[in-house]
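Here the structure comes first, spelled out in structure tokens, and everything after it is commentary.
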Amino acid sequence: PIKWKKLCYMLCFFHAIIQERRSFGPLGWNIPYEFTMGDMSISIKQTKMMLDEYEEDQFKSLNYLIGECNYGGRVTDDKDRRYLLCVLADFYNVAVFNDDYEISPSGTYKAPPGDPAHEEILEYISNLPLTQMPEVFGLHDNADITKDQQETNYFCDTVLSTEAASSGAAAAGGKSADEVLDELAEDILNKIPTVFDRERVMKKFPIRFDESMNTVLAQELIRYNALIDAIRSSLANLRKALKGLIVMSADLEEVVRALNTGKVPGLWAKKSYPSLKPLGGFVSDFLDRLMFLQKWIDNGQPTMFWMSGFFFVHAFMTGGMQNFARKYTKPVDTLNFEHKMLPDSEYTTPPEDGIYTYGLFSEASRWNHETQELDESEPKVLFAPMPVMWFLPKEMPPPKLEWKEEEKNAFGVAKSEGFYVAPVYNTSARRGTLSTTGHSTNYVCPIVIPTSKPQSHWIKRGTALLMQMDD
């Protein structure tokens, strides 16, 4: 009976945690799942059946049934599945039968001690804190700031969407809405350069068997030229429509609405790389990317690549791997990157093999330059820049983003493996549509980072690397 009560309490606590974690947005779950009471009731029945029919505790079976079937059956993202199995292992293990077993690091949350009656359990729950700290979810205290920011952004977006397009425009020095819009379009048009001359670039960087980066550059220019063309043509047509020279089409009206609310028009987004930035941030980020490519064209291949500056980063990484494979005549499908964090911020000579990259950010953690490992975020700092990384191709299996049960000491504390496999995403939204690779379109690759904490610590933190910020 005591085991039954403990496990029932733990399962209900687990159910509450995975439900409430949705309020933290992508930091909690990449995709918000609708777990139901049906998931919990079948799990309780299976737990009772295991206790009744077996002498020994069947935690391995229960963790599989509950984590992979009952709850896991709804989970479509493999990073979310990793979290689900990781957190379930905290609630369904032998240590939970000890009265001292702590559910949260502070020790505030525990199972009711002894063999309590139903009323005593309810009373015990009613004495728990009314407002939950992020630590009960395994999150950093900064997660509360992220949660509040998301609610504020949602509120502001809703207000903006209901606001009339013309309101507030007359305040800009007595100018009409059309004049303000025309000035904004002219300002962006003056900043955006004309398309790259691909023929001239191809003469300077011809397609070569031993240098795949020339192919990567050629493909990037095609994609960026398409976006430059979309932006310049839509703004030029908008200015003509405002003067009455051409008809204001539905597409142009959508551009008007977006420019008025400071958002990226859908016409551009269709041709664009993934980005959650507002209009101002998008334009300056776009200009930085074009500058990165222009420097590459003018000064030759860079020694360090700005990873976030690529339209299609997978092609860039494949190019780095192909160069290595062709140099040493190895099959490219047996290669994977080994990731090394470098101490300096600038390197003037390229590596013998592999590629130097920079420009990634860490969410829910930071890189500690003194200890050279992944560490806790500083208070009120949500994102931290990662160091320059060396992607070195090697013949080895790829790093797996799967949950593997961790070794624990006598107190039920997990031991560190010395590394954390962090997923890299294009934007902080993390979720995307499911692509043919079985991954989200927002997902880039896994990166192995040294750390002295167990993987489960960072999985519960929701730690991931991002290609770009949202501002």
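Output yes when any residue across the stretch 319-337 is in a helix (DSSP H, G or I), touching a helix residue (DSSP H, G or I) at 6+ places or on another chain (Cβ under 9 Å), open to solvent by 70 Å² or more (accessible area, probe 1.4 Å) and in contact (Cβ under 8 Å) with a residue 24 or more places away in the chain, and no when none is. Yes: one or more hits. Scanning the stretch 458-469 for residues that are out of contact with any Ser or Thr (no Cβ under 8 Å at 6 or more places or on another chain) and either open to solvent by 20 Å² or more (accessible area, probe 1.4 Å) or part of a helix (DSSP H, G or I) (or both) yields Ile459, Lys460.
Taking the stretch 67-107 as the range and being aromatic (Phe, Trp, Tyr) and either assigned to a helix (DSSP H, G or I) or under 21 Å from Leu465 (Cα atoms) (or both) as the test, the residues that pass are Tyr83, Phe91, Phe97.
Taking the stretch 273-284 as the search range and keeping residues that are touching a residue at least 40 places away in the same chain (Cβ under 8 Å) and open to solvent by 20 Å² or more (accessible area, probe 1.4 Å), which one is nearest to Thr261 (Cα to Cα)? Outline the logic, then answer.
Looking only at the stretch 273-284, we keep the residues that are touching a residue at least 40 places away in the same chain (Cβ under 8 Å), and these are 273-278, 281, 283.
From what is left, the residues that are open to solvent by 20 Å² or more (accessible area, probe 1.4 Å) are 274-278.
On the way: Pro274: 19, Ser275: 16, Leu276: 14, Lys277: 13, Pro278: 9 Å.
Step by step, filter the stretch 273-284, then rank; the result is Pro278.
Among the residues in the stretch 212-220, are any among the acidic types (Asp, Glu), outside any loop (DSSP other than H, G, I, E, B), surrounded by 13 or more Cβ atoms within 10 Å (Cβ to Cβ) and modelled with pLDDT under 95? No, the stretch 212-220 has no match at all.
The number of residues in the stretch 98-146 that are touching a helix residue (DSSP H, G or I) at 6+ places or on another chain (Cβ under 7 Å), crowded, with 17+ Cβ neighbours inside 10 Å and among the charged types (D, E, K, R) comes to 0.
The residues in the stretch 26-60 that are under 17 Å from Lys3 (Cα atoms), open to solvent by less than 50 Å² (accessible area, probe 1.4 Å) and under 31 Å from the mean Cα position of the chain (by Cα) can be counted, and the count is 1. Could you go through the stretch 338-348 and let me know if any residue there is surrounded by 15 or more Cβ atoms within 10 Å (Cβ to Cβ), in contact (Cβ under 8 Å) with a residue 24 or more places away in the chain and touching a helix residue (DSSP H, G or I) at 6+ places or on another chain (Cβ under 8 Å). Taking every residue of the stretch 338-348 in turn, none turns out to be surrounded by 15 or more Cβ atoms within 10 Å (Cβ to Cβ), in contact (Cβ under 8 Å) with a residue 24 or more places away in the chain and touching a helix residue (DSSP H, G or I) at 6+ places or on another chain (Cβ under 8 Å). Residues that are surrounded by fewer than 18 Cβ atoms within 10 Å (Cβ to Cβ), farther than 26 Å from Val283 by Cα, within 32 Å of the chain's Cα centre (by Cα) and touching a residue at least 60 places away in the same chain (Cβ under 8 Å) do not occur anywhere in the stretch 191-208. Checked against (1) closer than 27 Å to Leu465 by Cα; (2) assigned to a helix (DSSP H, G or I), Ile44 passes all but condition (1).
Considering the stretch 368-402, and only residues there that are open to solvent by 60 Å² or more (accessible area, probe 1.4 Å) and either in contact with a Gly (Cβ under 7 Å, 6 or more places away or on another chain) or modelled with pLDDT under 90 (or both), the residue that is nearest to Thr329 (Cα to Cα) turns out to be Lys400. Looking only at the stretch 366-414, residues that are out of contact with any Phe, Trp or Tyr (no Cβ under 6 Å at 6 or more places or on another chain) and in a loop (DSSP other than H, G, I, E, B) come to 28 in all.
Pick out the one residue from Tyr54, Tyr83, Tyr71, Tyr64 that is of a type in the set (Ser, Thr, Tyr), in contact with a helix residue (DSSP H, G or I) (Cβ under 6 Å, 6 or more places away or on another chain) and free of Cβ contacts under 8 Å to residues at least 60 places away in the same chain. Don't jump to the end; show me each part of the working.
On the way: Tyr54 fails: in contact with a helix residue (DSSP H, G or I) (Cβ under 6 Å, 6 or more places away or on another chain); Tyr83 fails: free of Cβ contacts under 8 Å to residues at least 60 places away in the same chain; Tyr64 fails: in contact with a helix residue (DSSP H, G or I) (Cβ under 6 Å, 6 or more places away or on another chain).
Result of the check over Tyr54, Tyr83, Tyr71, Tyr64: Tyr71.
When you check Thr152 against the structure, is it part of a helix (DSSP H, G or I), β-branched (Val, Ile, Thr), open to solvent by 70 Å² or more (accessible area, probe 1.4 Å) and over 14 Å from Lys5 (Cβ atoms), yes or no? It is true that Thr152 is part of a helix (DSSP H, G or I), β-branched (Val, Ile, Thr), open to solvent by 70 Å² or more (accessible area, probe 1.4 Å) and over 14 Å from Lys5 (Cβ atoms). Within the stretch 438-457, the only residue that satisfies the criterion of being over 21 Å from Thr318 (Cα atoms) and assigned to a strand (DSSP E or B) is Pro450.
Looking at Met304, is it under 21 Å from Ser362 (Cα atoms), over 22 Å from the mean Cα position of the chain (by Cα), in contact (Cβ under 8 Å) with a residue 24 or more places away in the chain and surrounded by 19 or more Cβ atoms within 10 Å (Cβ to Cβ)?
Working: under 21 Å from Ser362 (Cα atoms): yes; over 22 Å from the mean Cα position of the chain (by Cα): yes; in contact (Cβ under 8 Å) with a residue 24 or more places away in the chain: yes; surrounded by 19 or more Cβ atoms within 10 Å (Cβ to Cβ): yes.
Criteria met by Met304.
Taking the numbered list (1) open to solvent by less than 80 Å² (accessible area, probe 1.4 Å); (2) touching a residue at least 60 places away in the same chain (Cβ under 8 Å) in turn, Arg257 passes all entries but (1).
The values are calculated or read from the model by the stated rules, or taken from the named source; none is laboratory data. Treat the numbers as computed from the prediction; the structure is a model and nothing was measured. Quick reminder, even Gly has a Cβ in these numbers, built from the backbone with ideal geometry, and neighbours come from all protein chains shown. These area figures cover heavy atoms from the full protein model, side chains too; ligands, DNA and RNA do not enter into them. Shrake-Rupley method; radii C 1.70, N 1.55, O 1.52, S 1.80 Å.
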